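The values are calculated or read from the model by the stated rules, or taken from the named source; none is laboratory data. As the structure is a computational prediction, the values presented were derived from the model and not from experiment. Positions of Cβ are generated from backbone atoms using ideal geometry, with glycine treated the same way; all protein chains shown enter the neighbour counts.
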Amino acid sequence: MQLYLIPAPSSVVPRNGFTRADAEVIFRDEPTLPREAYRLEIGGSIVVTASSSAGRFYALQTLSQIRFQCGQNLPNLYLEDAPRFAYRAFMIDSCRHFVPVPELKKMISVCAKMKLNVFHWHLTDDQGWRPEIGAFPELIGKSSLRHGNHFGREQDNRIHAGYYTRAQMEEIVSFAHENRMTVVPEIDMPGHASALLHAIPSLSCGGKRVAIKTKPGIFGDILCAGREETYETLFRILDEICAIFPDPYIHLGGDEAPKAQWKQCPACQAMIRRENLAGEEALQGYFINRVRDYLVTKGKTVVTWNESLNSGILRDDVTVQMWLDPTKRCKNSPNPLIVSDFSHWYADYPYAMTPLKKVYRYDPMINENVVGTDIPIWTEYITTPSHMEYMCFPRFMAAAETAWSMNKPPYRVFRTELSELMPYFGVRYAAPEEDWDPPVGKRLSGTVRHFGTICPNRGVRNFFFHHENKKK
Ligand SMILES: [Zn+2]
């Protein structure tokens, strides 16, 4: 019989006969197997062979998919499997719109079923600070709420608030661990820091209070890299983050940090002279390296978005997350790489712009330093859990197939499997099949509609909608 498995295992050898679905599962240790690898043998009994609890967990995920489609009688088989990448992430932005704990758990459990193993949690940004930090209660006191939403079509002046208590973050970590998933918290610096600067104004170059942003975009208010107080404060925040998040990686952001304020700031300029740096971009390299040096003493590995490579001095052991690399700096760097190419893998873009096929066919091997992948969902325009699920599923399944499988099938096979297995993943609001790969006309109109939606200007939006409606 035809078996559908997502992600595809390395090899499956069918054997004659069937085994009852409730047959005993026997676990065998095989220390020579890689940590997440496993073997699954169905034939009279069900035998799982692995070297770790992670391998056993993935074997049981596969077994569960087989049970889902085969009912009482499982086809006898011998299956071997191991992941392509060690780092298989998905990212949720909890800042632009707050994502409640139950929805995070839902996302984690669905993603674990497709053998993703890293939850990258975007916790701080210009529009909100979400993690409770005991040493600085003003962070959530002042910066976990904003007055208004001005995200394209969403325009209001209501209060939008939300934060995670330490206990809630620990609950997420332990839930993720039960699902054999590590958690990578992201504390964005030196840019995307308006919420931090709103609570602690003395960390900005001018020392003035900065407003929490109610719009999307890139903002000039960034952390002062010339003041010792900035580093001391970040280290105290990171001390608590490290205590809450025990896994190896900490993400420092490092993206989209305009340098205009650093150019004018006496402290930043003095730091450039003191450290003999080539300019403001190099100052960001110094900044990230210095925080990296601190975190290394705590046994952590640092991740940063690819803009930190622009400094030319980023330490080689910092893992770089590539989202946009027109100058091929990532491709030519010696750093370990996580790939999240925005035009193929940003799940907040509509299916019209990033159809399922485009996600599936993307090859992340930009060089031999790629250690993994990460599919993000940014939430500027994602306001509800149902909308998030619609955008993520099934595109996350396509990303998971790329991240896990060393035997990735052709797209048409994957699509057939997905049609069969979608109910298995238990996503209530997944995109319906007709939306996965829109025809050309719908791709064009959907792209226009997207830019109409995100455009705050009513006149321009009406122009787009006017043309859109004429087509119908
Ligand atoms: Zn400064």
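Things to note:
- Here the condition is being within 30 Å of residue 451 (Cα to Cα) and within 16 Å of the ligand (Cβ to nearest atom); of 161, 193, 211, it holds for 193 alone.
- Test: residue in segment 203-222 that is aliphatic (A, V, I, L, M), in a strand (DSSP E or B) and either touching a His at 6+ places or on another chain (Cβ under 6 Å) or in contact (Cβ under 8 Å) with a residue 12 or more places away in the chain (or both): no
- Meets criteria (touching a residue at least 24 places away in the same chain (Cβ under 8 Å) and either among the hydroxyl-bearing types (Ser, Thr, Tyr) or under 19 Å from residue 303 (Cα atoms) (or both)) for residue 199: no
- Just one of the listed residues (83, 75) is under 18 Å from residue 114 (Cβ atoms) and not in a helix (DSSP H, G or I), and it is 83.
- Number of positions in segment 317-350 that are of a type in the set (Val, Ile, Thr) and touching a Leu at 6+ places or on another chain (Cβ under 8 Å): 2
- Within segment 111-148, the residues that satisfy the criterion of being surrounded by 22 or more Cβ atoms within 10 Å (Cβ to Cβ), assigned to a helix (DSSP H, G or I) and among the hydrophobic types (A, V, I, L, M, F, W, C) are 111, 139, 140.
- For segment 251-277, filtering for residues that are assigned to a loop (DSSP other than H, G, I, E, B) and either surrounded by fewer than 23 Cβ atoms within 10 Å (Cβ to Cβ) or within 13 Å of the ligand (Cβ to nearest atom) (or both) leaves 9.
- Any hit, segment 155-165, residues being part of a helix (DSSP H, G or I), out of contact with any Asp or Glu (no Cβ under 7 Å at 6 or more places or on another chain) and either under 30 Å from residue 373 (Cβ atoms) or of a type outside the set (Gly, Ala, Ser) (or both): no
- Within segment 79-103, residues that are within 14 Å of residue 127 (Cβ to Cβ) reach partners that are assigned to a loop (DSSP other than H, G, I, E, B) and polar (S, T, N, Q) with beta carbons closer than 6 Å, at six or more positions or on different chains, in the pairs 93/379; 95/127; 96/127; 96/379; 97/379; 97/383.
- Hey, residue 329 more than 18 Å from residue 394 (Cα to Cα) and surrounded by 18 or more Cβ atoms within 10 Å (Cβ to Cβ) or not: yes
- Spans of helices (runs of 4 or more DSSP H) in segment 281-400 with at least 2 residues under 29 Å from residue 149 (Cα atoms) and touching a residue at least 24 places away in the same chain (Cβ under 8 Å): 385-392
- No other residue among 317, 363, 348 is buried (at least 19 other Cβ atoms within 10 Å of the Cβ) and acidic (Asp, Glu) apart from 348.
- Flag if residue 353 is over 19 Å from residue 191 (Cβ atoms) and not polar (S, T, N, Q): yes
- For residue 340, the criteria (1) surrounded by 23 or more Cβ atoms within 10 Å (Cβ to Cβ); (2) outside the structural domain of residue 169 (by TED's automatic domain parsing); (3) of a type in the set (Gly, Ala, Ser) hold in every case but one, which is (2).
Listed here are the residues, each with its yes/no results for (1) acidic (Asp, Glu); (2) more than 30 Å from residue 384 (Cα to Cα).
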| position | (1), (2) |
| --- | --- |
| 57 | no, yes |
| 75 | no, yes |
| 81 | yes, yes |
| 115 | no, no |
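- Considering residues of segment 25-61 that are touching a strand residue (DSSP E or B) at 6+ places or on another chain (Cβ under 6 Å) and part of a helix (DSSP H, G or I) only, the residue surrounded by the fewest Cβ atoms within 10 Å (Cβ to Cβ): 56
- Candidate set from segment 65-110 (those that are small (Gly, Ala, Ser) and buried (at least 21 other Cβ atoms within 10 Å of the Cβ)); member that is nearest to residue 417 (Cα to Cα): 89
- Condition met for residue 176 (small (Gly, Ala, Ser), under 16 Å from residue 94 (Cα atoms), more than 16 Å from the ligand (Cβ to nearest atom) and surrounded by 23 or more Cβ atoms within 10 Å (Cβ to Cβ)): no
- When we screen 217, 206 for residues that are modelled with pLDDT under 95 and within 16 Å of the ligand (Cβ to nearest atom), the only hit is 206.
- Evaluation of residue 226 against (1) within 16 Å of the ligand (Cβ to nearest atom); (2) surrounded by fewer than 16 Cβ atoms within 10 Å (Cβ to Cβ); (3) more than 13 Å from residue 126 (Cα to Cα); (4) among the small types (Gly, Ala, Ser) (one fails), failing number: (2)
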